[in-house]
Amino acid sequence: MKLLKIDNNLGQFLDKSGEFQPIDRITKENLLSLVDLTLNEEVEFDEYDEEKIRNQAHQIIYKSIHEKLRGLRDRKQEFIDESERLYLAEYERYKDETSQQAD
Amino acid sequence: MKKIDLHIHTIATIHDSDFTFCMDTLKRYVTEANLDAIAITNHDMFDAEQFRTINESLPIAVFPGIEINLDNGHILLMSDGSNVEDFESRSNDVSRRISQIGDSITVGDLEDIYGNLHNYLIIPHYDKNPSIRGQTLEDLLSYVTAGEVDSAKKFLRAIKDETKLTPVLFSDARMSDGLCRLPIRQTFLDCGELTFSAIRACFGDKGKVSLSDDEGNSLFQIFDDGQRMSTGLNVLLGDRSTGKTYTLDKINDVFEGVKYIEQFSLVQRDEAAYEREFKNEVQRKRSRFVDGYLSPFKAVLDDVMNVDLEGNERSVENYISTLLKSAEEADRRDAYSKVALFDETAFPVRDDKVLKDLIASVRQIIENIEYREMIEKHIDIQSLKKLACELIELLWSKALENKKRQFLNGLIKDIKESLKMRTSAVQVDDVDLYRVSMETRKVGRFSDIVNSLRKESVIFEESIQGFRVIASKSPFTKAGEILFASGVKTSFRDALKEYGDPYRYLQALISDGNLVRSELYRLFAKIEYKILNRDGFEVSGGERSEFRLLQEIKDAQNYDILLIDEPESSFDNMFLKSDVNQILREISKSMPVVVVTHNNTVGASVGADYLLYASKEVESGKVTYRIYSGYPTDKTLKSIDGRSIKSHKIILNSLEAGREAYESRRCGYEAIEDR
């Protein structure tokens, strides 16, 4: 799934409805949903290319967000491993507990 | 039968409290206790001159010996006495190596010093502190002839257990000039002439060692006058003021490891105070249980308390808004804001927890001894070691990388701040999206745990003779319940409104300044701890005393002797007969028990192994206290000084208030039955 693309010399991001929007319209909620997708799905982004983006504002925003999401994608496996092990022993101890002997 | 005590001290060393050796005391001990052999075993030293003096002064076998600190446990080592000079010179080597408290030698040292250890009797402290255990015991085992214990209970336990060494019970006494009570711990050997090799042979056969000369292991000595009692269940009878409690006190004084349930200690004198005390005790137990049960949850909570979801959301918002603004003003950038580092982001610094956990898991497999065989069946340990090394090296390089990143992040931050001071351009606020996402996951897992914790269920259940101790958990439904669990006077009404969302509930608790953060873990689920009677209701009144008595008796398993003074003082006969008698019989199978009683339900129905009768007798104007003893089937009970008394009479007098009262009661019962 592509989350960031460069089209018509503009940086664009995928919104929740599956439509691409200009990158300068991105909100906090949009970014958080892109973060979720990056960590949970197979995602790709168009590489940042200053030549392909004419608009200077788009350059700055696309570059920054692209770096952030790419950095996150690179750590995806680490994130999965770490989050699966979060409080795992405690989680299993209290989960569906019906009877347990104390000392 | 021969009576021996192979553990006697005659010199005060650094391991003893100070005392002065007295030959008369030793002679008196040997004579009055009818000993056939002793050994002199001082700590880490042997004095040949003193040994010879003792040997010449006593008409019995005396063996030269030494008590050695071996790997921080103690062993007795004795020679046959054929070459005292040689034994002294070897033992002097021990003294040189163990010159101060804390010094000890190894089994290897022992072999170096004494040569062939099979030439000696070697007796480790076995079920006695400081004991020889683990690898040291393994290494020593081929030389060991017997193991020393320090109570009749432990002696019997070792006798009954085929896997244990032959036990021996010795006095470990200091023969000082001030010794007023003679030792009562000795061992009997079934042998003819008492030679060094005969002792060794007896130790090789558990059937040849015992606690008494004529009654095997069913009786053992309790007082230095020779008074004995059963290693099982003893009933001590007697009229008022005949010395029964005095006798229990004396046993309590003579022995270590005594559980003494004194008379009236469980009686309800003040109902309200008693109930309060009982409830406090239950509350203490509850508190201990809750702490134990919730300690893993507490660790989770301590971590989640540092998560600020709102703050995280704000930092994402700041990032986006500063990014958009900075883009908007792109054309107004000056020399400072155009510097590449102006909007540079920090390098992520990882804590590599997963890698660290993985290394710990691999190490656990490598180091596990208990399941080594099974592990080696499936995995090549050498490969696993290589894996561990590789993982550790990776961790090192990651740690180095992190160090570099931390250094660079500091540098970038400094430069960014300097640039920002010189320009009016907007700088992008950085955000760590990995951390933001991970913390959201943390809160999710935390909520799952809290929801599991709140599910209604019984988490602990224990039965004690019909009573049931139950711990259960359920959600809080009223603010008052949370108030009770917290013990802090504050309002929980607002917090309770957020109870459905564990994280928001936590935030509500944190915002209450009256609550201590480290105690919040108790406020997520209601944990009840109750003691229920046979009918499933919470205990009340007399049942509390019953429960406490049963618990006290149960607790006695951790001791060597149990003494109970008149349990009938506060219990009805049905309880005594059905519960107390049963549990006393049970516990007396593994340790000596003495029950003082006037009650026929206890005295006549408990199934005593041995009867003791305390009597106060006036002879020529002088009061003498005597104890008569014997088996319940004996027609007469006998005292140490040779007197006897009819068993039937004392049982009727002590338990039935005399023959007349007994007959009249019997007739009364028969009359009722006839109707």
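The values are calculated or read from the model by the stated rules, or taken from the named source; none is laboratory data. Source: prediction; values computed, not measured. As a convention, Cβ positions derive from the backbone with ideal geometry for all residues, glycine included, and neighbour counts pool all protein chains shown.
Residues that are acidic (Asp, Glu) and touching a residue at least 24 places away in the same chain (Cβ under 8 Å) within region B:499-542 comprise B:501, B:519, B:528, listed in sequence order.
Evaluated against (1) in a helix (DSSP H, G or I); (2) within 11 Å of another protein chain (Cβ to nearest Cβ), residue A:11 falls short on exactly one condition, (1).
Could you identify the single residue in B:419, B:355, B:395 that is surrounded by 13 or more Cβ atoms within 10 Å (Cβ to Cβ), away from every other protein chain (no Cβ under 14 Å) and touching a residue at least 12 places away in the same chain (Cβ under 8 Å)? Walk me through it before giving the result.
On the way: B:355 fails: away from every other protein chain (no Cβ under 14 Å); B:395 fails: away from every other protein chain (no Cβ under 14 Å).
Of B:419, B:355, B:395, the one residue that is surrounded by 13 or more Cβ atoms within 10 Å (Cβ to Cβ), away from every other protein chain (no Cβ under 14 Å) and touching a residue at least 12 places away in the same chain (Cβ under 8 Å) is B:419.
Scanning region B:323-331 for residues that are surrounded by fewer than 18 Cβ atoms within 10 Å (Cβ to Cβ) and either within 39 Å of the chain's Cα centre (by Cα) or within 27 Å of residue B:404 (Cβ to Cβ) (or both) turns up nothing.
Examine region A:23-30 for a residue that is more than 11 Å from chain B (Cβ to nearest Cβ), in contact (Cβ under 8 Å) with a residue 12 or more places away in the chain and either touching a strand residue (DSSP E or B) at 6+ places or on another chain (Cβ under 9 Å) or in a helix (DSSP H, G or I) (or both), and state whether such a residue exists. Before the answer, list the steps.
If we filter region A:23-30 for residues that are more than 11 Å from chain B (Cβ to nearest Cβ), which is where we start, we get none.
No, region A:23-30 contains no residue that is more than 11 Å from chain B (Cβ to nearest Cβ), in contact (Cβ under 8 Å) with a residue 12 or more places away in the chain and either touching a strand residue (DSSP E or B) at 6+ places or on another chain (Cβ under 9 Å) or in a helix (DSSP H, G or I) (or both).
Scan B:388, B:340, B:330, B:335 and give me the residue that is more than 30 Å from residue B:432 (Cβ to Cβ), aliphatic (A, V, I, L, M) and out of contact with any Asp or Glu (no Cβ under 8 Å at 6 or more places or on another chain). Result of the check over B:388, B:340, B:330, B:335: B:388. Residues in region B:319-362 that are among the polar types (S, T, N, Q) and either more than 19 Å from residue A:59 (Cβ to Cβ) or not in a helix (DSSP H, G or I) (or both): B:337, B:345, B:361. Does residue A:35 satisfy the criteria of being touching a residue at least 12 places away in the same chain (Cβ under 8 Å), at the interface with another protein chain (Cβ under 10 Å from one of its Cβ atoms), within 30 Å of residue B:353 (Cα to Cα) and among the β-branched types (Val, Ile, Thr)? Yes. Looking across region B:509-524, just one residue is buried (at least 18 other Cβ atoms within 10 Å of the Cβ) and either of a type in the set (Lys, Arg) or over 22 Å from residue B:293 (Cα atoms) (or both), and that is B:522.
Here region B:625-657 is the region considered, the condition is being over 41 Å from the mean Cα position of the chain (by Cα) and without any contact (Cβ under 8 Å) to a residue 12 or more places away in the chain, and the residue that is farthest from residue B:232 (Cα to Cα) is B:657. Just one of the numbered conditions (1) of a type outside the set (Val, Ile, Thr); (2) under 24 Å from residue B:169 (Cα atoms); (3) free of Cβ contacts under 8 Å to residues at least 24 places away in the same chain is not true of residue B:89: (2). More than 10 Å from chain A (Cβ to nearest Cβ), surrounded by 15 or more Cβ atoms within 10 Å (Cβ to Cβ) and either more than 29 Å from residue B:525 (Cα to Cα) or of a type in the set (S, T, N, Q) (or both): is that true of residue B:336 in this structure? Yes. Would you check if residue B:631 is at pLDDT 85 or above, touching a helix residue (DSSP H, G or I) at 6+ places or on another chain (Cβ under 8 Å), within 28 Å of residue B:652 (Cβ to Cβ) and of a type in the set (Phe, Trp, Tyr)? No; evaluated as a whole, the condition is false for this residue.
Among the residues of this structure, residue A:35 does not count as one that is surrounded by 16 or more Cβ atoms within 10 Å (Cβ to Cβ), among the β-branched types (Val, Ile, Thr) and over 23 Å from residue B:429 (Cα atoms).
If the condition is being facing chain A (nearest Cβ under 8 Å), part of a helix (DSSP H, G or I) and surrounded by fewer than 18 Cβ atoms within 10 Å (Cβ to Cβ), then region B:442-473 contributes only B:448. Could you please let me know if residue A:65 is in contact (Cβ under 8 Å) with a residue 60 or more places away in the chain, assigned to a helix (DSSP H, G or I), facing chain B (nearest Cβ under 9 Å) and surrounded by 17 or more Cβ atoms within 10 Å (Cβ to Cβ)? Considered against the rule, which asks whether it is in contact (Cβ under 8 Å) with a residue 60 or more places away in the chain, assigned to a helix (DSSP H, G or I), facing chain B (nearest Cβ under 9 Å) and surrounded by 17 or more Cβ atoms within 10 Å (Cβ to Cβ), residue A:65 comes out as yes. Residues in region A:38-62 that are among the aliphatic types (A, V, I, L, M), within 11 Å of chain B (Cβ to nearest Cβ) and under 14 Å from the mean Cα position of the chain (by Cα): A:39 alone. No other residue among B:506, B:433 is away from chain A (no Cβ under 14 Å) and either modelled with pLDDT of 95 or more or buried (at least 17 other Cβ atoms within 10 Å of the Cβ) (or both) apart from B:506.
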